[in-house]
Amino acid sequence: MSRDQRPIGAVPRWIVAFLALALALQIGLSASKGPMSTEAEDLPIPPRVAALRLAAMGEPAALARVAMLYIQSFDLHGANALPYRRLDYDRLIGWLGAIQALDPLSKYPLFAASRIYAEVRDPGRQRRMLEFIYKSFLEDPNRRWPALAHAALIAKHRLKDLPLSLSYARAIDRLTTASDVPIWAKQMEVFILEDMNELDAARIMLGGLLAKGQVRDEGERRYLEQRLKSMEERARSQSLPKSAR
Amino acid sequence: MLALAAPNATRAALTLARFVLLEARRTRLPLLILCALAAGIGLAGFLSQLALTESASLQAGVLAAFFRATGVFICAAFVVTSMVRESNDKGTELLLSLPISRAAYYVGKLVGFGACGALVAGIFSLVMLIWSPPLAVLAWFVSLSLEIWLVAAVSLFFVVTLGDVVPALAACAGVYLLGRTVAAIQSISASPLAADDDVMQKIAGWAIDAVALVLPPLDKATQTGWLVYAPPSAQEFAIVAFGLILYGALVTAAGLFDFHRRNL
């Protein structure tokens, strides 16, 4: 107890009782709030980049990341009953494009585009997202090639569209000029043409990204490894005879 | 028991409350409110000229959000600066040397600040009647009055505890902003896209939930949507009002507790 404070005994009892009661009621009321009522909510219309810049108040990098969290929250959870697989992809692409324009150096929008939103089991949505990734890649090939490399794998293994996949692989080879772009990425066309399954291709890609230090963020590394693990489990269960499953 | 129930204590508290209102008038708070009115109406008028549609609701929406933030800020700043000035002038010691209990002093001050907040909310609400129906404005006025009273209680608590303008205002702003955003933060923290087995994420989620238990329920209070679309249902409004009153009572109790422990 400091010299500035009197003992608790100096506080009238009714104040102590009042405080305890109010605290108990507040915690009880907050805790008793049931789960938020779920409602199927789609993404709002994406804002213009100028509006986002204004809202950023000189902190575009911070707002871009917060906006990505906001986009990410539009999923089957909390107050929203609409899974991202059923989101309006035109709006989603509008949001991702606006956030990318707000902070062109951030790789978050393209990471989400290639690793989350392009992996839905809906060819139409997948194609739209791949198109967005390709267009973004053309603006800054040396930074954005990892997203297009993954898009090439999705085009080959999910969409079974070899020409599209090859066009992406060739774009990486032709348009990237930075010295830190790894050889395997420049030569992606070769392993697109090889008879390689999706799991092996993903292993090579993740191994290459990790070896070259392209994946520095711990959360991103964990997410990619988790995806790889689930692919391995899926491949293992598919290779088992039906009776053993 | 219940020192405030004594007639003398009640009279002393009401006298102190009247002095707070007098101080507000003499420190040119009404002029500040008039300036805020002019600035808000000017801003809303300018934006409504740019709108292609819904110009009236745009005006009402912008003005309501502006008035809410302005009212809260002006009252918090008034509470903090007034208390610090009185403390620096040794006014607190002088008043407590008179036959006034600490509880009467504290509650009297809070009643004065709350009445001042209700006046500010009333003036802003009268202006909102130009754009919105009376019932919606009434609900908005009551909610804004309670919100400003709650902020006054939080400001009083922090200024009594921390004793300086900047720390008290910063702490008050932190509680207020967290109170308005914590529901959205909780929603984002529950995103299933992140790894399920991430212990740190779970701990962060629990920490946010724990903090939310002791934050004011401001996310549903004083909604601009009430003015622009429809007033809240009686049940929705009652829940909002009860949450604000309860939190105000909690902070008042905490403030009284701390004030009684303070060696002056």
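Taking the conditions (1) surrounded by fewer than 18 Cβ atoms within 10 Å (Cβ to Cβ); (2) at pLDDT 80 or above; (3) within 23 Å of the chain's Cα centre (by Cα) in turn, A:VAL181 satisfies each one other than (1). Within segment B:92-107, residues that are in contact (Cβ under 8 Å) with a residue 60 or more places away in the chain reach partners that are part of a loop (DSSP other than H, G, I, E, B) and among the hydrophobic types (A, V, I, L, M, F, W, C) with beta carbons closer than 8 Å, at six or more positions or on different chains, in the pairs B:THR92/B:LEU264; B:GLU93/B:LEU264; B:LEU96/B:LEU264. Taking the condition more than 9 Å from every other protein chain (Cβ to nearest Cβ) and modelled with pLDDT under 80, does A:ALA62 pass? Criteria met by A:ALA62.
Determine, yes or no, whether B:LEU94 is in a helix (DSSP H, G or I), of a type in the set (A, V, I, L, M, F, W, C) and surrounded by fewer than 19 Cβ atoms within 10 Å (Cβ to Cβ). Yes. Within segment B:200-216, is even one residue at pLDDT 95 or above, within 14 Å of another protein chain (Cβ to nearest Cβ) and out of contact with any Cys (no Cβ under 8 Å at 6 or more places or on another chain)? No, segment B:200-216 contains no residue that is at pLDDT 95 or above, within 14 Å of another protein chain (Cβ to nearest Cβ) and out of contact with any Cys (no Cβ under 8 Å at 6 or more places or on another chain).
Looking only at residues in segment A:17-41 that are more than 7 Å from chain B (Cβ to nearest Cβ) and at pLDDT 70 or above, the one that is surrounded by the fewest Cβ atoms within 10 Å (Cβ to Cβ) is A:SER32. Taking the condition assigned by TED's automatic domain parsing to the domain that holds A:TYR70, in contact (Cβ under 8 Å) with a residue 40 or more places away in the chain and not β-branched (Val, Ile, Thr), does A:ALA147 pass? In short, no. So is B:GLY163 farther than 27 Å from B:SER125 by Cα and within 12 Å of chain A (Cβ to nearest Cβ) or not? Judged against the criteria, B:GLY163 is a match. Restricting attention to segment A:104-126, the residues being at pLDDT below 90 and either more than 27 Å from A:ALA50 (Cα to Cα) or over 11 Å from the mean Cα position of the chain (by Cα) (or both) number 7.
When segment B:31-54 is filtered for residues that are surrounded by 14 or more Cβ atoms within 10 Å (Cβ to Cβ) and either among the polar types (S, T, N, Q) or at pLDDT 80 or above (or both), the ones remaining, listed by number, are B:LEU32, B:ILE33, B:ALA36, B:LEU37, B:GLY40, B:ILE41, B:LEU43, B:ALA44, B:SER48.
Residues that are among the charged types (D, E, K, R) and modelled with pLDDT of 90 or more were ranked within segment B:217-260; the one that is surrounded by the fewest Cβ atoms within 10 Å (Cβ to Cβ) is B:GLU236. Considering segment B:230-264, and only residues there that are assigned to a loop (DSSP other than H, G, I, E, B) and under 24 Å from A:GLN5 (Cα atoms), the residue that is farthest from the other protein chains (Cβ to nearest Cβ) turns out to be B:LEU264.
The values are calculated or read from the model by the stated rules, or taken from the named source; none is laboratory data. Source: prediction; values computed, not measured. FYI the Cβ positions are ideal-geometry reconstructions off the backbone, even for glycines, and counts take in every protein chain you see.
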